[in-house]
Amino acid sequence: MDVLKIGNYEFKSRLMVGTGKYPSNEVMVKALEASGAEVVTVAVRRVNLDRGSDSLLDHIDPKYTLLPNTAACYTADEAIRTARLAREALETDLVKLEVIGDERTLFPDNEALLEAARVLVTEGFTVLPYTNDDPIMAKKLEEIGCAAVMPLAAPIGSGLGIRNPYNIRIILETVKVPVIVDAGVGTASDAAIAMELGCDGLLMNTGIAGAKDPVAMARAMNLAVEAGRLAHLSGRIAKKLYATASSPLSGVIE
């Protein structure tokens, strides 16, 4: 079976989805189901983590694996504290590690990210770091023990798709841990392209939640991830400058 392995975890779905920006919790619930995702991200600093107290978690089926993230953290210390809080509240060692370096672009601060990742790995966390599409940083994160690397496709929420597929390809050749594209995916074709490149998975929020019909877009993303993964495994034909006849004449009796 083609499963996604991250640390000690295994998932059949290669699509992970967020829980922010939906027009309502009802729409979010339907979109999560339509996405086929097994992993759902929760922004620890932006939601109430106490179930039963009008919390976002009251609307998330326990069947999903929660992936807390450290969104809105701008220093390594903030991210480390937030990850520890998430582990205590949600009883999970998983963390999507974000350390933001700039409010406008929301690009990661790679120096602080590496510092926080090193501490959290030492403390037994399964760390999935959000990083630039930088093969050198991806390798460093793998070397300190991160369970995956999550390079951005484009700025968070931009919907621009993969701006630098060549860097993503180099990252795929550089590390052995799963490569999960995170941020910037806007529509199904973006998701398919990422998977066709050979990425192990995708994480997205705005591309689904911000669509006119989030539930339909969630299903589209689900299908795109599956199609892109299958196309990658199938092995596409080589690109050629000139035509090749679909029905060659060799062997035809005149």
Just checking, which of ALA153, ALA147 is in contact with a Gly (Cβ under 8 Å, 6 or more places away or on another chain) and crowded, with 24+ Cβ neighbours inside 10 Å?
ALA153
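Given the criteria touching a Gly at 6+ places or on another chain (Cβ under 8 Å), surrounded by fewer than 23 Cβ atoms within 10 Å (Cβ to Cβ) and more than 27 Å from VAL127 (Cβ to Cβ), does GLY210 qualify? Don't jump to the end; show me each part of the working.
Details: touching a Gly at 6+ places or on another chain (Cβ under 8 Å): yes; surrounded by fewer than 23 Cβ atoms within 10 Å (Cβ to Cβ): yes; more than 27 Å from VAL127 (Cβ to Cβ): yes.
It is true that GLY210 is touching a Gly at 6+ places or on another chain (Cβ under 8 Å), surrounded by fewer than 23 Cβ atoms within 10 Å (Cβ to Cβ) and more than 27 Å from VAL127 (Cβ to Cβ).
Against the definition (acidic (Asp, Glu) and free of Cβ contacts under 8 Å to residues at least 12 places away in the same chain), how does GLU38 come out, yes or no? Step through it out loud before you land on a result.
Numbers: acidic (Asp, Glu): yes; free of Cβ contacts under 8 Å to residues at least 12 places away in the same chain: no.
For GLU38, the condition - acidic (Asp, Glu) and free of Cβ contacts under 8 Å to residues at least 12 places away in the same chain - is not met.
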Count of the range 181-202 residues which are within 14 Å of LYS21 (Cβ to Cβ) and in contact with an Asp or Glu (Cβ under 9 Å, 6 or more places away or on another chain)
0
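For the condition touching a helix residue (DSSP H, G or I) at 6+ places or on another chain (Cβ under 7 Å) and farther than 17 Å from MET16 by Cα, what is the one hit in ILE136, ILE168? Talk me through it step by step, then tell me what you get.
Details: ILE136 fails: touching a helix residue (DSSP H, G or I) at 6+ places or on another chain (Cβ under 7 Å).
Step by step, each of ILE136, ILE168 is checked, and only ILE168 is touching a helix residue (DSSP H, G or I) at 6+ places or on another chain (Cβ under 7 Å) and farther than 17 Å from MET16 by Cα.
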Given the conditions (1) in contact with an Asp or Glu (Cβ under 9 Å, 6 or more places away or on another chain); (2) under 25 Å from ALA31 (Cβ atoms); (3) at pLDDT below 95; (4) surrounded by fewer than 19 Cβ atoms within 10 Å (Cβ to Cβ), every one holds for ARG163 apart from (2)
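The values are calculated or read from the model by the stated rules, or taken from the named source; none is laboratory data. Because the structure is predicted, anything quoted here is derived from the model rather than measured. Glycine also receives a Cβ, built like all others from the backbone with ideal geometry; neighbour counts cover every protein chain displayed.
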